[in-house]
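J.: Provided herewith is a single structure, encoded as structure tokens, for subsequent inquiry.
The values are calculated or read from the model by the stated rules, or taken from the named source; none is laboratory data. Bear in mind the structure is a predicted one, so any value in this text is a computation, not a measurement. Cβ placement follows ideal geometry from the backbone for every residue including glycine, while neighbour counts extend to all protein chains displayed. To get the accessible areas, we keep the full protein, side chains included, count just its heavy atoms, and leave off ligands, DNA and RNA. Shrake-Rupley method; radii C 1.70, N 1.55, O 1.52, S 1.80 Å.
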Amino acid sequence: MNITKGSLETPPAGFPSDIARSERRTVVRYFVLAFLFTITAINYGDRATLGIARSSISADLGLSPVSMGYIFSAFGWAYVLNQVPGGWLLDRYGSIRVYGGSLLAWSLCTLAIAGTGHVPNSWAFPVLFLLWAGLGLVEAPAFPANSRITSSWFPTAERGLATSIFNSAQYVAVAFFAPLMGWVTQRLGWEYIFAMMGLLGVLLAILWLVTMRPPAKHPSVSNAELTYIREGGALVDIDDRTKQTKQKLTGKQIQFMLTDRTLLGVYGGQYCINVILYFFLTWFPSYLHQARGLSLTQTGFAASVPALCGLLGAIIGGAMSDRLLRSGRSASFARKAPFVIGMGLASTLCFCNFVQSPLVIVAIMSLAFFGKGVAAIGWAVISDIAPKEVPGLAAGIFNGIGNVAGIVTPIAIGYIVALTASYNGALLFVAVHCLIAILLYLFVVGKIRRLILPA
């Protein structure tokens, strides 16, 4: 069989083994990836509901922009606080059970939010704040679980694209759900979008818990595929309960996870890219509706265009990174190049301050979110560098620090809009974070390689 250079079939040195050559290789890992993609789309669809319904909820429940900013941030507070415990749960009990339980819990929480329209206005703020915080609390293990599962199912040379695909579900969620939720809100009322998303999540949680298994125990995985992903660098046994070793972290090892220069640079880069994400999920629909005069239905469709461009960028960025890696470039260059290029493009969203045409604004935002998609390589990086003993904990810290942006961004933009009666400062706030991210990856993040916990 001829194997062309740069093909996904190209193995690293000394690979594949005789077992892999003698048996047909299955591709179950891509079905698992499709499952992760679907769950992540539901995850981000749930997060986007409040942004789409903000204007209607504010009018019905008498909530000010600052109050809504604090409610938006409630998700971020709870999400961040539960990242490290969520990562520990994943390492302790495995991704399958924890992920399935998390999906079921956040779907039930979304269903509960549908009933907040029936509480008195004086109770609206605390009830909505607590429910939105509850959503963040139980969603916390989701992305560390995605990273952990991808690390166990995909060899290193396929991991950039795999992580970009599950991460790109955020754009698909907005592109698909935003127009639908805008239409449902305008026609039926905002309560229906929370009920719709909650029911979808409950059904998906049941399917996940019934069908999902670790690589070594999955009935459809051939020995050839298992050997291929194991010898290619996948941490195949991290979700196999019979092969896991229990290890208690020392204070020195925890300190390492919080002070290593490479980890700090990657954590900071994730925070900065999430500033763009949370602007998009929380205030971007209001920006189009209030500052640019689009109807709710128009806002949903207009928001879907940048989201689709972000999806395209994510696929291109992940494929570019893996292609560079397979062509012989270093892991540092292969992972950093898409990030730096993408964040440079993302910073162009501040140019919307100088134009008036809604069409041109959507075009600029589309370019910016295409760049954000290209730069969404951070989950591949943390999968590459996390110490093999604690991939869930490393992903939890990474996601926790990154999602501090979910606390800061909604509140900061809420105050900017309230104090200036304009979104111009909000766009500059986002663009500055794009430039900071570039500096972090160029001058703080060192060589990208698998880190080793100190003894």
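J.: Residues that are free of Cβ contacts under 8 Å to residues at least 40 places away in the same chain and open to solvent by less than 40 Å² (accessible area, probe 1.4 Å): does segment 358-372 have at least one?
T.: As a first pass, look at segment 358-372 and keep what is free of Cβ contacts under 8 Å to residues at least 40 places away in the same chain: 359-360, 363-364.
Then keep just the ones that are open to solvent by less than 40 Å² (accessible area, probe 1.4 Å); that gives 364.
The answer is yes; a qualifying residue exists.
J.: Pairs needed: first member in segment 31-43, in contact (Cβ under 8 Å) with a residue 12 or more places away in the chain; second member anywhere, of a type in the set (Phe, Trp, Tyr) and assigned to a helix (DSSP H, G or I); C-beta distance under 6 Å; at least 6 residues apart or different chains.
T.: Note: pairs meeting the criteria are VAL32/TRP153; LEU36/PHE166; PHE37/PHE166; THR40/PHE166.
J.: Checking LEU440 against (1) touching a Gly at 6+ places or on another chain (Cβ under 6 Å); (2) in a helix (DSSP H, G or I); (3) open to solvent by less than 10 Å² (accessible area, probe 1.4 Å): exactly one of these is not met. Which one?
T.: Condition not satisfied by LEU440: (3).
J.: Does segment 212-226 hold any residues that are within 19 Å of LEU36 (Cβ to Cβ), assigned to a helix (DSSP H, G or I) and touching a residue at least 24 places away in the same chain (Cβ under 8 Å), and which are they?
T.: Those that are within 19 Å of LEU36 (Cβ to Cβ), assigned to a helix (DSSP H, G or I) and touching a residue at least 24 places away in the same chain (Cβ under 8 Å): PRO215, ALA216, GLU225.
J.: Also, quick follow-up: Which number in (1) surrounded by fewer than 19 Cβ atoms within 10 Å (Cβ to Cβ); (2) not in a helix (DSSP H, G or I) marks the one condition that ALA376 misses?
T.: (1)
J.: Could you please tell me which pairs satisfy a Cβ distance under 6 Å, a separation of 6+ or placement on different chains, a first residue in segment 273-293 that is basic (Lys, Arg), and a second residue that is part of a helix (DSSP H, G or I) and open to solvent by 10 Å² or more (accessible area, probe 1.4 Å)?
T.: Once the first residue is basic (Lys, Arg) and sits in segment 273-293, its partners that are part of a helix (DSSP H, G or I) and open to solvent by 10 Å² or more (accessible area, probe 1.4 Å) give ARG292/PRO358.
J.: Just wondering, is there one or more residues in segment 127-145 that are at pLDDT 90 or above, touching a Pro at 6+ places or on another chain (Cβ under 6 Å) and assigned to a helix (DSSP H, G or I)?
T.: no
J.: Collect the residues in segment 384-417 that are of a type outside the set (Val, Ile, Thr), closer than 20 Å to GLY136 by Cβ and open to solvent by less than 10 Å² (accessible area, probe 1.4 Å), keeping them in residue-number order. Before you say what the answer is, go through the steps one by one.
T.: Here is the first cut: in segment 384-417, the ones of a type outside the set (Val, Ile, Thr) are 384, 386-389, 391-396, 398-400, 402-403, 405-406, 410, 412, 414-415.
From what's left, closer than 20 Å to GLY136 by Cβ: 392-393, 395-396, 398-400, 402-403, 405-406, 410, 412, 414.
Residues satisfying the conditions are GLY392, ALA395, GLY396, PHE398, ASN399, GLY400, GLY402, ASN403, ALA405, GLY406, PRO410, GLY414.
J.: Okay, next question. Give the residues of segment 19-52 that are open to solvent by less than 10 Å² (accessible area, probe 1.4 Å), touching a Gly at 6+ places or on another chain (Cβ under 9 Å) and either among the aliphatic types (A, V, I, L, M) or not in a helix (DSSP H, G or I) (or both), sorted by residue number.
T.: ILE39
J.: Further, regarding this structure: Could you tell me whether segment 238-249 includes any residue that is in a helix (DSSP H, G or I), at pLDDT below 85 and open to solvent by less than 50 Å² (accessible area, probe 1.4 Å)? Show your work before the answer.
T.: Taking segment 238-249 as the starting set, the residues that turn out to be in a helix (DSSP H, G or I) are 238-239.
Adding the requirement that they be at pLDDT below 85 leaves 238-239.
In the following step, the residues that additionally are open to solvent by less than 50 Å² (accessible area, probe 1.4 Å) were identified as 238-239.
Checking segment 238-249: at least one residue is in a helix (DSSP H, G or I), at pLDDT below 85 and open to solvent by less than 50 Å² (accessible area, probe 1.4 Å).
J.: Let me ask you something else. Quick one: how many residues across segment 97-150 are of a type in the set (Lys, Arg) and touching a Lys or Arg at 6+ places or on another chain (Cβ under 8 Å)?
T.: Initial filter on segment 97-150 (of a type in the set (Lys, Arg)): 97, 148.
Right, trim to touching a Lys or Arg at 6+ places or on another chain (Cβ under 8 Å) and you get none.
Of the residues in that region, 0 qualify.
J.: Mind telling me which of the residues ALA157, ALA195 ends up being over 22 Å from the mean Cα position of the chain (by Cα), open to solvent by 10 Å² or more (accessible area, probe 1.4 Å) and in contact (Cβ under 8 Å) with a residue 12 or more places away in the chain? Give the derivation first.
T.: Values: ALA157 fails: over 22 Å from the mean Cα position of the chain (by Cα).
Exactly one residue qualifies, and that residue is ALA195.
J.: Do the conditions hold for LEU203, that is, is it in contact (Cβ under 8 Å) with a residue 40 or more places away in the chain and in a helix (DSSP H, G or I)?
T.: Details: in contact (Cβ under 8 Å) with a residue 40 or more places away in the chain: no; in a helix (DSSP H, G or I): yes.
So LEU203 does not fit the description; no.
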